[in-house]
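To start, the structure itself, in structure tokens.
Every number here is computed from the coordinates shown, using simple stated rules; none is lab data. Just so it is clear, the structure is predicted and the values come from calculations on it, not from any experiment.
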Amino acid sequence: MEGSIPQGKAIWDPETVDLFCDLCIRMHDKRNRHFQEIEDNLDVFAYEEHQLEDNVEEDEASLSQEMVEVSMATKMANVEKAEELLEKLCSASWDAAVQGGVFNIYEHDI
């Protein structure tokens, strides 16, 4: 029975040990590269998601500012209309003062 391969037991000669160690190292390296790739993809995804959130916040702020400017532009009068309104108010208050006799009080005091 010399020279025959024993049944149920592995033969661990130096070549078999080297082959087994090489396979283990390769499998471990492949698994590490796979997990590193997944981690890198998650990092990229998290970065992109953060950038999208920042862009949305900037867009909302910009849109809000534009809405304020449009609102102000539609509600605010230009200088000519403001002067016209002041003249109407002055005229109406002058007429009311004259009709109410406000100026008569001052004439009596003089």
inquiry  = Quick one: 3J(HN,Hα) in Hz for the stretch 85-91, Karplus 6.51/-1.76/1.60 with θ = phi - 60°, rounded, Gly and Pro as x.
reply    = 5, 4, 5, 5, 5, 5, 5
key: Residue-by-residue Karplus 3J(HN,Hα) for the stretch 32-46, coefficients 6.51, -1.76, 1.60, Hz, glycine and proline x   = 4, 5, 5, 5, 5, 5, 5, 4, 4, 4, 5, 4, 5, 4, 4
